[in-house]
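Student: The structure follows.
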Amino acid sequence: MLPPALLQVSDEQLGVVARWQLVGDRSRCQLSRGEVDGHVQRGALRPIERGVYRVAGAPRLPEQAAFAAALRAGPRASVTGPMVLGHLGVEGFAPAGPFAVLTQPGRRIRGVDFSHRPDLQPGRRVLRRGSVRLVTAVEAAIDAAAWRTELGDRKLRLAYDQLRWRGWTTPERFAVALHSRGSRDPGARAYLEMLSIDGFEPESEGERDLGRLLRRFDPAPEPQVWVTACRRVDWYFEALRVGIEYLGAVDHDHLRGWLADRDRERELAARGVRILGIRAHDLLDEAAVLTTVASALTLRAAQLGIGAPALRG
């Protein structure tokens, strides 16, 4: 039977323990090498990485590969990348996602099949799961952009938006984090390419055209805003709680898209958020689009008893 101290360490680390946590006077468990070897031989501890084990009976969890890699790299190693975002519940990312291990400067490891590199910020703030160190959500998001080709820009934008919605960062703090990395950092470089003065640039020509028109309102709507934990709108007039959506053909001109749009509008209406959809063919008459949006904003402002955004020129 495994000692209670070992089981406690295992629970904190989602079923994974390292030999250096078990053996020696400074370890929490203070087991002998022979005792650890005996547990391995009996199958109570099952090797994942060299000197890292999964406790028999513990559930197989997607995080275990990254946790084991970090423990293999030593007490000062940290995990970063999309896996951390998945572990923290950021939508669109999974705990089984790719990761990299940041090793303590001067620490050299060989014969491993996981991505690793020296940690250029060893004094950074980290999240802890037992002795497993995870970088913060902001750092993980920036590092996740190193997988930009596999993830795609949309998923990275979603990560940024969710971090803002949850209060984990602001545009100003995120910009500081990017620039502190330097332009040679692949994650920072990817995000800097995707960012614009007003936030992220819309993806399609239609979205860009609509965004250009909406910037004529004062105050202008904020782009790409999470109005609930699971719902984001393309542009949002916060004071009026009005969202403007570009309804592109790829995502909306079919039955499934129509049903999804209807469900979203009902859900947001129940939360006091009104949605106005603009389609590609509407943009053929820009004056009509401006009139439609201005009328909707004026009506909403009257309902709330506040002023409506002014339409410039």
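Student: Look at residue 36 and say whether it is under 17 Å from residue 128 (Cα atoms) and of a type outside the set (Lys, Arg).
Tutor: Judged against the criteria, residue 36 is not a match.
Student: Please go through (1) within 29 Å of residue 97 (Cβ to Cβ); (2) part of a helix (DSSP H, G or I); (3) touching a residue at least 24 places away in the same chain (Cβ under 8 Å) for residue 8 and return the number of the only condition it doesn't satisfy.
Tutor: (3)
Student: Let me ask something else about it. If a residue must be more than 26 Å from residue 27 (Cβ to Cβ) and either crowded, with 23+ Cβ neighbours inside 10 Å or among the charged types (D, E, K, R) (or both), how many such residues does the range 59-79 contain? Talk me through it step by step, then tell me what you get.
Tutor: Filtering the range 59-79 down to residues more than 26 Å from residue 27 (Cβ to Cβ) leaves 62.
If we keep only those that are either crowded, with 23+ Cβ neighbours inside 10 Å or among the charged types (D, E, K, R) (or both) as well, we get none.
Residues flagged as more than 26 Å from residue 27 (Cβ to Cβ) and either crowded, with 23+ Cβ neighbours inside 10 Å or among the charged types (D, E, K, R) (or both) within the range 59-79 amount to 0.
Student: Okay, moving on. Which one of the conditions (1) polar (S, T, N, Q); (2) more than 21 Å from residue 189 (Cβ to Cβ); (3) crowded, with 20+ Cβ neighbours inside 10 Å does residue 104 fail to meet, given that it meets all the rest?
Tutor: (3)
Student: Quickly run through the range 12-35 and pick out the residues that are in a helix (DSSP H, G or I) and surrounded by fewer than 21 Cβ atoms within 10 Å (Cβ to Cβ).
Tutor: Once the filter is applied, which keeps residues that are in a helix (DSSP H, G or I) and surrounded by fewer than 21 Cβ atoms within 10 Å (Cβ to Cβ), the range 12-35 yields 12, 20, 33, 34, 35.
Student: If residue 128 meets every condition in (1) in contact (Cβ under 8 Å) with a residue 12 or more places away in the chain; (2) within 17 Å of residue 80 (Cα to Cα) apart from one, which number is that one?
Tutor: (1)
Student: Check 272, 243 and return the single one that is modelled with pLDDT of 90 or more and closer than 23 Å to residue 309 by Cα.
Tutor: Within the list 272, 243, the selection yields 243.
Student: With the checklist (1) at pLDDT 80 or above; (2) of a type in the set (A, V, I, L, M); (3) outside the structural domain of residue 143 (by TED's automatic domain parsing); (4) within 20 Å of residue 92 (Cβ to Cβ) in hand, flag the one item residue 163 doesn't pass.
Tutor: Checking residue 163 against (1) at pLDDT 80 or above; (2) of a type in the set (A, V, I, L, M); (3) outside the structural domain of residue 143 (by TED's automatic domain parsing); (4) within 20 Å of residue 92 (Cβ to Cβ), the one that fails is (3).
Student: Out of everything in the range 293-313 that is assigned to a loop (DSSP other than H, G, I, E, B) and not basic (Lys, Arg), what residue ends up being modelled with the lowest pLDDT? Reasoning before the result, please.
Tutor: Start the filter on the range 293-313 by keeping residues that are assigned to a loop (DSSP other than H, G, I, E, B), which leaves 305-309, 312-313.
Okay, now just the ones that are also not basic (Lys, Arg), so 305-309, 313.
Details: 305: 95, 306: 94, 307: 94, 308: 94, 309: 95, 313: 73.
Result: 313.
The values are calculated or read from the model by the stated rules, or taken from the named source; none is laboratory data. Keep in mind it's a predicted model, so treat the numbers as computed, not measured. Counting neighbours? That spans all protein chains shown, and the Cβs are built from the backbone with ideal geometry, glycine included.
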